[in-house]
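J.: One structure coming up, written as structure tokens, with questions to follow.
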């Protein structure tokens with residue numbers, strides 16, 4: 001399991017090449033901004049990357065979500081950007097968990113929102 005690091009953009013621009021993913025990654029609430037974070041996954045692998053993102057959040061009525069995960073497939077040579085809300089953080093661990101079906105040449109970038 002790898003803890004993802006956030007890149008904080010600046011007014012003059014911030015260069016980021018992305019970093020390698022692991023089979024299971026985590027985002028600590030402490031690296032997210034006050035309004036969450038954007039997570040970009042870039043798939044340079046020859047296979048699609050099937051990912052799941054945990055969502056320990058609640059419905060507007062305060063009930064636990066039915067599925068508890070967000071699932072998506074990122075095809076070869078494509079990138080996807082996800083908005084990770086602070087409400088998705090598991091209150092007992094302080095983490096959002098992301099799993100990947102492939103890792104080689106798959107990279108991520110994480111940007112906090114509302115810092």
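J.: I'd like to compare 4-14, 73-83: which one has the highest average count of other Cβ atoms within 10 Å, and what's the full order after that?
T.: 73-83, 4-14
J.: Output the Kirkwood hydrodynamic radius of region 1-108, Cα pairs only, in Å rounded to one decimal.
T.: Evaluated over region 1-108, this radius sits at 14.5 Å.
J.: While we're here: Most exposed first by the Cβ proxy, i.e. fewest other Cβ within 10 Å, how do 72, 49 rank?
T.: Fewest to most other Cβ atoms nearby, the residues stand as 72, 49.
J.: For region 70-115, report the translational diffusion coefficient in µm²/s to the nearest whole number, using Stokes-Einstein at 25 °C, 0.890 mPa s, and a Kirkwood Rh over Cα pairs.
T.: Rounded, D is 191 µm²/s.
J.: Based on the Cβ-Cβ distance of residue 103 and residue 12, what FRET efficiency does E = 1/(1 + (r/R0)^6) give at R0 = 35 Å, to the nearest 0.05?
T.: 0.60
J.: Follow-up. Kirkwood hydrodynamic radius of region 1-49 from all distinct Cα pairs, in Å?
T.: Roughly 12.8 Å, rounded to one decimal.
J.: Given labels modelled 7 Å from the Cα in the Cβ direction, how far is it in nm from residue 81 to residue 93?
T.: 2.7
J.: Would you order 102, 113 from fewest to most other beta-carbon atoms within 10 Å of each residue's own beta-carbon?
T.: 113, 102
J.: Run the numbers for residue 47 and residue 2: contour at 0.36 nm per residue of separation, minus the present Cα-Cα distance, in nm.
T.: Result for the pair: 14.1 nm of gain on full extension.
Bear in mind these aren't lab numbers, they're just calculated from the coordinates by the rules spelled out. Since we're looking at a predicted model, the values are computed, not measured. Note that we place each Cβ from the backbone using ideal geometry, even for glycine, and neighbour counts take in every protein chain shown.
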